[in-house]
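Notes to accompany the following structure.
The values are calculated or read from the model by the stated rules, or taken from the named source; none is laboratory data. If you're wondering where the values come from, they're calculated on a predicted model, not measured in any experiment. Because the Cβ atoms are built from the backbone with ideal geometry, glycine has one as well, and the counts that use them run over all protein chains shown. For accessibility, only protein heavy atoms count, side chains too; no ligands or nucleic acids. Shrake-Rupley method; radii C 1.70, N 1.55, O 1.52, S 1.80 Å.
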Amino acid sequence: PQSNKTTKKENFTFAENAVEFAEIKEKHKNDNTLVGIDVSKWQGNINYSEVKKAGVEFVMLRVGVQKGLDGEYNLDSKFKEYIEGFTKEDIPVGVYFFSYANSKEEAKKQAKWVIKQIKKYDIELPVAFDWENWDGYRNFNVSFHTLNEVANEFMDVVESKGYDSIIYSSKNYLNMVWKYTNHDVWLAHYTEQTDYDKDYMIWQLTEKGKVPGIEENYADIN
């Protein structure tokens, strides 16, 4: 979710291929599902009551991002505003952190930092570990197995503090890399119907969502 992805532009307009939230809800909502979104600062100003009225049933918020390998942790500039706004509308929230961790020690520090940011809020949904640094992977000097241990460390610390945890990744990397973690999965697969054949808790099915109340950019729909 980090790269929601299209930088906010002045006079932003939705393209013809934008996916209406109502269409996703019509197709996928049933007694066993909730339909929601995830957002970061790139979604700009949000009308929370309009989001609620549209039928958004949960939201995953970016709590923060690490500024590159060995970088500092930055709180998403909209996090506090967003979590207070969605909570006021009684929309359940979870959070995600975009990580560049390359060691268990770093992952533990990040998990503790995230917990510090969220401890005063009601977090009903999981805390997600989001690691997407495949283009520069060689710079991390870690094996896939070690990377799984890094992810597990983050999620284990989160769970030790009473939160649920989840790992976010695309279908291909879930199949190729994340083989040594037994935590819940937040699947990113932009398609009409996923053919991912393992268990997942959340499915992010488009990054081109048009959601009432969010007018400055697309939003991911889950």
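Condition check: of a type in the set (Gly, Ala, Ser) and either buried (at least 17 other Cβ atoms within 10 Å of the Cβ) or within 18 Å of GLU124 (Cα to Cα) (or both). Does GLY71 satisfy that?
No.
For PHE97, state whether it is surrounded by 20 or more Cβ atoms within 10 Å (Cβ to Cβ), in contact with a helix residue (DSSP H, G or I) (Cβ under 6 Å, 6 or more places away or on another chain) and touching a residue at least 24 places away in the same chain (Cβ under 8 Å). Reasoning before the result, please.
Numbers: surrounded by 20 or more Cβ atoms within 10 Å (Cβ to Cβ): yes; in contact with a helix residue (DSSP H, G or I) (Cβ under 6 Å, 6 or more places away or on another chain): yes; touching a residue at least 24 places away in the same chain (Cβ under 8 Å): yes.
Spelling it out, PHE97 is indeed surrounded by 20 or more Cβ atoms within 10 Å (Cβ to Cβ), in contact with a helix residue (DSSP H, G or I) (Cβ under 6 Å, 6 or more places away or on another chain) and touching a residue at least 24 places away in the same chain (Cβ under 8 Å).
If GLY162 meets every condition in (1) in contact with a strand residue (DSSP E or B) (Cβ under 9 Å, 6 or more places away or on another chain); (2) on the phi > 0 side of the Ramachandran plot apart from one, which number is that one?
It is condition (1) that GLY162 fails.
Listed residues THR87, THR13; which is open to solvent by 30 Å² or more (accessible area, probe 1.4 Å), closer than 17 Å to LEU125 by Cα and polar (S, T, N, Q)? Quick ask: steps written out before the conclusion?
Working: THR13 fails: closer than 17 Å to LEU125 by Cα.
Going through THR87, THR13 in turn, the sole match is THR87.
Quick one: which residue in VAL51, VAL35, VAL63 is part of a strand (DSSP E or B) and surrounded by 16 or more Cβ atoms within 10 Å (Cβ to Cβ)? Lay out the reasoning, then the answer.
On the way: VAL51 fails: part of a strand (DSSP E or B); VAL35 fails: part of a strand (DSSP E or B).
Checking each option against the conditions leaves just VAL63.
Taking the stated definitions as given, is SER103 open to solvent by 10 Å² or more (accessible area, probe 1.4 Å), under 30 Å from ASN30 (Cα atoms) and more than 17 Å from the chain's Cα centre (by Cα)? Outline the logic, then answer.
Working: open to solvent by 10 Å² or more (accessible area, probe 1.4 Å): yes; under 30 Å from ASN30 (Cα atoms): no; more than 17 Å from the chain's Cα centre (by Cα): yes.
Here the answer is no, as SER103 does not meet what is asked.
Could you give me the residue pairs with C-beta distances under 9 Å whose first residue belongs to region 43-63 and is aliphatic (A, V, I, L, M) and modelled with pLDDT of 95 or more, whose second residue is open to solvent by 30 Å² or more (accessible area, probe 1.4 Å) and assigned to a strand (DSSP E or B) wherever it lies, and which are 6+ apart or on separate chains?
Hits for this filter: VAL63/LEU75.
Looking at ASN32, ASN74 in this structure, which one is touching a strand residue (DSSP E or B) at 6+ places or on another chain (Cβ under 9 Å) and polar (S, T, N, Q)? Before you say what the answer is, go through the steps one by one.
On the way: ASN32 fails: touching a strand residue (DSSP E or B) at 6+ places or on another chain (Cβ under 9 Å).
Unique residue meeting the criteria: ASN74.
Would you tally the residues in region 38-48 being open to solvent by less than 20 Å² (accessible area, probe 1.4 Å) and not in a strand (DSSP E or B)?
Number satisfying all stated conditions: 3.
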